[in-house]
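Before any comments, here is the structure.
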Amino acid sequence: MGPVEAIRRCLRKYVTISGRASRAEFWWFYLVVLLIGGVLSGLDGLIFGFGWDRVSILEPIWGLLTLLPLVCVAGRRLHDYDLSAWWLLIILIPVLGFLFLLVVFAQRGTAGENPYGADPLADADPE
């Protein structure tokens, strides 16, 4: 799955946490959101000036627009690993929670069907 298909799939499932998401879907969407956020941060700097006391408008709006899709695709990614989306709350444990989620998001999901749905890679080549 390429970046365009990953973006389309994530935006189609804007607030849908049910189902499963492949690694490619999660990481492409996350990368594009980060890159666009960086560009918007730079534009904020050019428009409003750089420094600690600068005003930022574009980047926070982008963050609010992409918060729900990022949480939902992360939940679907956990579903692919056969974990409940409630495991996202482990991020509240400093450092260890982040590392746990990073490892889970980087590993291949459960092969075949699991309680959360069909394998997203059933029709595609293995990642």
Of the residues LEU11, LEU102, LEU70, which exhibits the maximal mean-square fluctuation in a Gaussian network model of the chain defined by a 10 Å Cα contact cut-off?
LEU102
Using the Kyte-Doolittle scale, which helices in the chain average at least -1.0 and also have C-alpha atoms spread 30 Å or more along the helix axis, with helices defined as whole DSSP H runs?
23-48, 58-80
Average accessible area per residue (Å²) across the chain - probe 1.4 Å, nucleic acids and ligands excluded:
61
Summarise the accessible area of the stretch 1-76 (1.4 Å probe, protein heavy atoms) by the percent that is carbon and sulfur.
74
Calculate the FRET efficiency for TRP86 and TRP52 from the Cβ-Cβ distance with a Förster distance of 41 Å, rounded to the nearest 0.05.
0.65
In the stretch 52-127, which trypsin sites (Lys or Arg not before Pro) are in a loop and have at most 15 other Cβ atoms within 10 Å, using DSSP for the loop call?
ARG54, ARG108
For the stretch 28-43 and the stretch 67-113, compute the distance between their C-alpha centroids and round to whole Å.
21
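The values are calculated or read from the model by the stated rules, or taken from the named source; none is laboratory data. On a predicted model such as this, the values are computed, not experimentally measured, just so you know. Cβ sites come from the backbone with ideal geometry, for glycine too, and all protein chains shown count toward neighbours. Ligands, DNA and RNA are excluded from the accessible area calculation, which covers all protein heavy atoms including side chains. Shrake-Rupley method; radii C 1.70, N 1.55, O 1.52, S 1.80 Å.
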